[in-house]
């Protein structure tokens, strides 16, 4: 498959979409990111790397980090997690208080903010330092020991994260948050502030394309069944209230972040990441969504 040519064709085709979205501004540090960036990286299970544009430049992965925290918690307790959080698409914005109230403190899925706070809280029960645990895990997945949290982004989120604080306090009121609210929020904001490139993100998703086994080392991180089920949640819940649109147009398990990144995978074949900071009203990258639609169209590869 001529992946390099496909990526270059995609970069040209999505270029006219520049300006169709807006850089996330509700986190002040993200508002400083120049909107014109576009990068894409695809890595096959046997290690072949294809890139275009700003694929090696690091950016704030934001909610893509929820895949890493969920993976770690599943390692510890498996499906018992889903006694505290659901597995269904939200159909509502990722930070909806109304939905959490309606469902009496049980978040709809692990990828909306309330669900990710529960996952972080559960991780803290098993890891004394949840921030260090996630950082170590991502470094292992990517094979890159220099990955760090962005302290400016973490501070910016902490200073403006009033809705996340409300979600955490509401979870606490329903006894679905065991740790101190401020400690959970601090860990959560740090996870979202992970700074990674498309190349590093794509490599970090390869174990999910390989039935839970890290291709570079042969280490099993999740059972085949756990990897399958995590991928199912990615497909149905990975794009907030636009998950159905992504499944319809792209047909891959994946996860987006309001920093403009998207990571996705083709089971048994490859993982891919794309970054373009301008997002739509759902919080998903405009050019990133189109790029992945073109990828599955031009390659003829999707899960369907």
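The values are calculated or read from the model by the stated rules, or taken from the named source; none is laboratory data. Because the structure is a prediction, the values reported are computed rather than measured. Positions of Cβ are backbone-derived with ideal geometry, glycine not excepted, and every protein chain shown enters the neighbour counts.
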Qualifying positions in region 230-248 - in contact (Cβ under 8 Å) with a residue 60 or more places away in the chain and surrounded by 15 or more Cβ atoms within 10 Å (Cβ to Cβ) = 230, 233, 234, 235, 236, 237, 238, 240, 241, 243
Given the conditions (1) modelled with pLDDT of 95 or more; (2) surrounded by 16 or more Cβ atoms within 10 Å (Cβ to Cβ); (3) under 26 Å from residue 157 (Cα atoms), which single one is not true for residue 92?
-> (1)
Of these, 8, 13, which one is touching a strand residue (DSSP E or B) at 6+ places or on another chain (Cβ under 6 Å), assigned to a helix (DSSP H, G or I) and surrounded by fewer than 19 Cβ atoms within 10 Å (Cβ to Cβ)?
-> 8
Filter region 181-218 for residues that are assigned to a loop (DSSP other than H, G, I, E, B), without any contact (Cβ under 8 Å) to a residue 60 or more places away in the chain and touching a helix residue (DSSP H, G or I) at 6+ places or on another chain (Cβ under 9 Å) and give the result.
-> 211, 212, 217
